[in-house]
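Data first, discussion second: the structure below is written as structure tokens.
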Amino acid sequence: MKPPILENNKHSVVAVEFNTGIVLKTDFERHIGQGEAFHIFENLELAIKFVDRKILEDSDLQLSIYNNKGEYLFTKDKNGKT
């Protein structure tokens, strides 16, 4: 699944289950080919705040951030940033 190409400065985040690697939709249900998987943010700061908040709410999540070109930036989970 490729991240979306976005307008300048926007970023996307995709969440997966930490233990299984299963991609989750934006409603955090398992993605089975239908529905949106990428959360879209106006800037990197908002994307990072979202990632940090979601990990605090659910330590079984692993979230990856991509830039507006669809390039991978980093992944964060309960063990920190990779």
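Would you check which residues across the range 47-82 are more than 10 Å from the chain's Cα centre (by Cα) and either closer than 15 Å to Leu6 by Cα or of a type in the set (Phe, Trp, Tyr) (or both) and list them?
Selection gives Asn67, Asn68, Lys69, Gly70, Glu71, Tyr72, Leu73.
Looking only at the range 4-42, count every residue that is over 19 Å from Gly70 (Cβ atoms) and in contact with a helix residue (DSSP H, G or I) (Cβ under 9 Å, 6 or more places away or on another chain) and tell me the total.
Residues that pass the stated criteria total 1.
Residue by residue, here is whether (1) surrounded by fewer than 18 Cβ atoms within 10 Å (Cβ to Cβ); (2) in contact (Cβ under 8 Å) with a residue 24 or more places away in the chain; (3) touching a strand residue (DSSP E or B) at 6+ places or on another chain (Cβ under 9 Å) holds:
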| site | (1), (2), (3) |
| --- | --- |
| Val13 | no, yes, yes |
| Phe18 | yes, yes, yes |
| Leu24 | no, yes, yes |
| Gly35 | yes, no, no |
| Phe41 | no, yes, yes |
| Lys49 | yes, no, yes |
| Asp52 | yes, yes, yes |
| Ile65 | no, yes, yes |
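Given the structure, is Val14 in contact with a Phe, Trp or Tyr (Cβ under 6 Å, 6 or more places away or on another chain) and among the β-branched types (Val, Ile, Thr)?
So Val14 passes the test.
All of the numbers you see were taken from the coordinates with simple rules; none came from a lab. Treat the numbers as computed from the prediction; the structure is a model and nothing was measured. A quick note on method: Cβ atoms are made from the backbone with ideal geometry, for glycine too, and the neighbour counts reach across all protein chains shown.
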